[in-house]
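The values are calculated or read from the model by the stated rules, or taken from the named source; none is laboratory data. This is a predicted model, so every value here is computed, not measured. In this analysis, Cβ positions are derived from the backbone assuming ideal geometry, glycine residues included, and neighbour counts consider all displayed protein chains. Side chains are part of the model used for accessible areas, which takes the heavy atoms of the whole protein and leaves out ligands, DNA and RNA. Shrake-Rupley method; radii C 1.70, N 1.55, O 1.52, S 1.80 Å.
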Amino acid sequence: MKKFIVGLGEALWDVLPEGKKIGGAPANFAYHAAQYGLDTLAISALGNDALGDEIAQKFAEKNVNVMMTRVPFPTGTVQVELDAQGVPTYDIKEDVAWDNIPFTPELEEVARNCRAVCWGSLAQRNDVSRKTIAKFLKATPKDCIKIFDINLRQNFYTAGLLLESFKQCNILKINDEELVTIGRLFGYPGLDMTNKCWLILGKYNLDALVLTCGVNGSYVFTHGAMSYLETPKVTIADTVGAGDSFTGSFCAAYLSGAPVSEAHRLAVETSAYVCTQNGAMPTIPKHFVERINK
């Protein structure tokens, strides 16, 4: 069986002002990692409805491998409103298909052969998908890279839920706003940004902590080293999926054996490019891909 790079969690429609676009952080991650030549798999659940059929068709058109069980719940949708800067706010519909991802023997087989997996907090808001994610992570091999891309949305998380994922992951990806929330939830609001990151890195014995700060740059903390890069100035179409493209490209470079600093640079430039395009899944220019596939 292939050693897959897995995006595990929500697959849905982002309903934007100009129309609906396929989305969901784990699916976006799988799409972007696939563009860098990795065998990826987006795992979620879809409804037995037209929106589910359309998602399956869109993934097929984009050559994304999927394992998406059909369940008796509606396919997920998110109403996305963009402000003047193109920054999105989300209204995420509840009790939908991706809240109810079943753990199947096929899923367990993928987990046992998993090379890297990325998941977030949102798909854990419901018991069914939360238990499936926990079982999947437990079944992965010891050398599997486990990326928790925290993705806090609305009020769909608790300190306990986040703590479990911190303990499971070896790479944590977080943004500056989420870091403030984590500091408040876990009782260290007084520390500055970098000290919070060093504390979390050590406390949960992470291999890396990735901190993105929008226009204010991004950091990658590893034991004894910190990489900082400015955010390129680009004309923004929208920022939907930019963080997922950052994670997908960082993971691809990291798995290729590139130094953390080079993986970081590729991630920054990929996500900046995605911001210049509409929607979460544009095609990445070939010269980006060639940098880790020489």
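Numbers for the structure displayed
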| item | result |
| --- | --- |
| Condition check for Leu191: in a helix (DSSP H, G or I), over 16 Å from the mean Cα position of the chain (by Cα) and more than 30 Å from Pro17 (Cβ to Cβ) | no |
| Residues of the stretch 109-126 that turn out to be open to solvent by 20 Å² or more (accessible area, probe 1.4 Å), of a type outside the set (S, T, N, Q) and either in contact with a Cys (Cβ under 8 Å, 6 or more places away or on another chain) or under 16 Å from Ser44 (Cβ atoms) (or both), as a count | 2 |
| The stretch 144-170 - residue that is touching a residue at least 60 places away in the same chain (Cβ under 8 Å) and touching a Ser or Thr at 6+ places or on another chain (Cβ under 9 Å) and, of those, surrounded by the most Cβ atoms within 10 Å (Cβ to Cβ) | Asp149 |
| Index of the failed condition, Gly248 passing every other in (1) open to solvent by 30 Å² or more (accessible area, probe 1.4 Å); (2) more than 16 Å from Pro232 (Cβ to Cβ) | (1) |
| Filtered residues of the stretch 123-176 (kept if among the β-branched types (Val, Ile, Thr) and more than 21 Å from Ala97 (Cα to Cα)) | Thr140, Ile145, Ile147, Thr158, Ile171, Ile174 |
| For Asn195: the one exception among (1) within 29 Å of Val80 (Cβ to Cβ); (2) surrounded by fewer than 21 Cβ atoms within 10 Å (Cβ to Cβ) | (1) |
| Close pairs from the stretch 36-63: first within 18 Å of Lys20 (Cα to Cα) and open to solvent by 40 Å² or more (accessible area, probe 1.4 Å), partner among the hydrophobic types (A, V, I, L, M, F, W, C) and part of a loop (DSSP other than H, G, I, E, B), Cβ under 7 Å, at least 6 apart | Lys62/Met281 |
| Residue count, the stretch 177-187 (criterion: open to solvent by less than 50 Å² (accessible area, probe 1.4 Å) and either over 16 Å from Leu206 (Cβ atoms) or in contact with a Phe, Trp or Tyr (Cβ under 7 Å, 6 or more places away or on another chain) (or both)) | 2 |
| Residue among Thr222, Thr212, Thr239 that is among the hydroxyl-bearing types (Ser, Thr, Tyr) and either under 13 Å from Thr276 (Cα atoms) or open to solvent by 50 Å² or more (accessible area, probe 1.4 Å) (or both) | Thr239 |
| Some residue of the stretch 180-202 being touching a helix residue (DSSP H, G or I) at 6+ places or on another chain (Cβ under 8 Å), β-branched (Val, Ile, Thr) and within 21 Å of Arg265 (Cβ to Cβ) | no |
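Each row is one residue, and each column tells you yes or no for (1) of a type in the set (D, E, K, R); (2) touching a residue at least 40 places away in the same chain (Cβ under 8 Å).
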| residue | (1), (2) |
| --- | --- |
| Asp83 | yes, no |
| Gly86 | no, yes |
| Thr89 | no, no |
| Asn100 | no, yes |
| Leu107 | no, yes |
| Gln124 | no, yes |
| Val128 | no, no |
| Lys142 | yes, no |
